[in-house]
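Structure record follows, encoded as structure tokens.
The values are calculated or read from the model by the stated rules, or taken from the named source; none is laboratory data. Model, not experiment: these values are computed from the prediction. Methodologically, a virtual Cβ is constructed for each residue, glycine included, from the backbone with ideal geometry; neighbour enumeration extends over all protein chains shown. Remember, those area values only see protein heavy atoms, side chains included, never the ligands or the DNA or RNA. Shrake-Rupley method; radii C 1.70, N 1.55, O 1.52, S 1.80 Å.
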Amino acid sequence: MSVSIDSRAVLSPKAQLGENVVIGPYTVIEDDVVIGGGTHIASNVLVANGARIGRECVIHHGAVISTTPQDLKFHGEITTLEVGDHTTIREYATLNRGTYARGKTTIGNHCYIMAYAHVAHDCSIGNHVILANAVNMAGHVLIEDSVVVGGIVAIHQFTRIGCHAMIGGGFRATKDIPPYVLAGMEPLVFTGLNIVGLKRRNFPPETIDVLDRAYHLIYNSNLNVTQALEKIKEELTLTDEVRHMIDFIEKSRRGIIGRRR
């Protein structure tokens, strides 16, 4: 096994490192840590107990990984912070492990977490998610696959963000953001379907069209959300994407973001 560890790093002999792991100077790796092969960890990084880091990840200078939750209900229970493969964590990002509520905080594969972002306890982040600089997540947030969150966005605890959604920078997310949409303005509202993002991800035109029609019923008709969902079920083609949208909205406890006024 070929591992490159700077002589100035502090590495617990109990930590488990895969092949070709690189650890920079003044980085601290605690006991209960697993790091997958090919992962590069820069200088002055703290990888605390409970960290489970995948393969081919890149963790930049000053990041803090798997520290204890900022939650007064946390009483030292053994929990984890799990990061998938090919994920990048930029400078000074802070990622907390879970509490007894979920037992873990999870981040998927191919994610990009920019500088100063904070991922709180018990959050679940899917694959191909981008969190721009200084995104601040409270606990128990769910972000599905292929979401883009703009810089300096604050996300309220227990908020859910649906797949392929995009949130503009500098806003606050206090209600659920349905999948496939653009969200912006203050307070945060639906500003349209994420058409550019869907086209870039090779969604067929007919899929984009039926999603656009579905969201027109939800946000641009005189129907309430329940009535709009019933009309969608009756009148539109129920593709997998439309079914997911319906399921996401029906399961919302915080309510979904409103329409532009």
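Give me a count of the residues in segment 190-214 that are within 20 Å of residue 142 (Cβ to Cβ) and buried (at least 19 other Cβ atoms within 10 Å of the Cβ).
Residues in segment 190-214 being within 20 Å of residue 142 (Cβ to Cβ) and buried (at least 19 other Cβ atoms within 10 Å of the Cβ): 2 in total.
Taking residue 82 as the residue in question, decide whether it is of a type in the set (Asp, Glu), on the phi > 0 side of the Ramachandran plot and touching a residue at least 24 places away in the same chain (Cβ under 8 Å).
no
Is one or more of the residues making up segment 215-223 closer than 28 Å to residue 87 by Cβ and open to solvent by less than 20 Å² (accessible area, probe 1.4 Å)?
Within segment 215-223 (the criterion being closer than 28 Å to residue 87 by Cβ and open to solvent by less than 20 Å² (accessible area, probe 1.4 Å)), the answer is no, since none of the residues qualifies.
If residue 128 meets every condition in (1) touching a Ser or Thr at 6+ places or on another chain (Cβ under 7 Å); (2) open to solvent by less than 10 Å² (accessible area, probe 1.4 Å); (3) more than 19 Å from residue 33 (Cβ to Cβ) apart from one, which number is that one?
The number of the failed condition is (2).
Out of the residues in segment 212-243 that are in contact with a Pro (Cβ under 9 Å, 6 or more places away or on another chain) and not β-branched (Val, Ile, Thr), state the one that is farthest from residue 163 (Cα to Cα).
215
Which residue pairs have Cβ atoms closer than 9 Å, lie 6 or more positions apart in sequence or on different chains, and pair a first residue in segment 47-62 that is surrounded by fewer than 21 Cβ atoms within 10 Å (Cβ to Cβ) with a second residue that is aromatic (Phe, Trp, Tyr) and in a loop (DSSP other than H, G, I, E, B)?
Final answer for the pair search is 61/92; 62/92.
Just checking, how many residues over segment 119-135 are touching a residue at least 40 places away in the same chain (Cβ under 8 Å) and either outside any loop (DSSP other than H, G, I, E, B) or of a type in the set (A, V, I, L, M, F, W, C) (or both)?
Counting residues in segment 119-135 that are touching a residue at least 40 places away in the same chain (Cβ under 8 Å) and either outside any loop (DSSP other than H, G, I, E, B) or of a type in the set (A, V, I, L, M, F, W, C) (or both) gives 1.
Would you pick out the residues in segment 157-176 that are closer than 20 Å to residue 101 by Cα and in a loop (DSSP other than H, G, I, E, B)?
Of everything in segment 157-176, those that are closer than 20 Å to residue 101 by Cα and in a loop (DSSP other than H, G, I, E, B) turn out to be 157, 158, 159.
For the condition open to solvent by less than 10 Å² (accessible area, probe 1.4 Å) and either under 26 Å from residue 72 (Cβ atoms) or touching a residue at least 40 places away in the same chain (Cβ under 8 Å) (or both), what is the one hit in 154, 138, 165, 173?
173
Out of curiosity, is residue 77 over 19 Å from residue 127 (Cα atoms) and open to solvent by 50 Å² or more (accessible area, probe 1.4 Å)?
No, not satisfied.
Counting just the residues of segment 89-115 that are within 16 Å of residue 152 (Cβ to Cβ) and β-branched (Val, Ile, Thr), which one comes out surrounded by the most Cβ atoms within 10 Å (Cβ to Cβ)?
113
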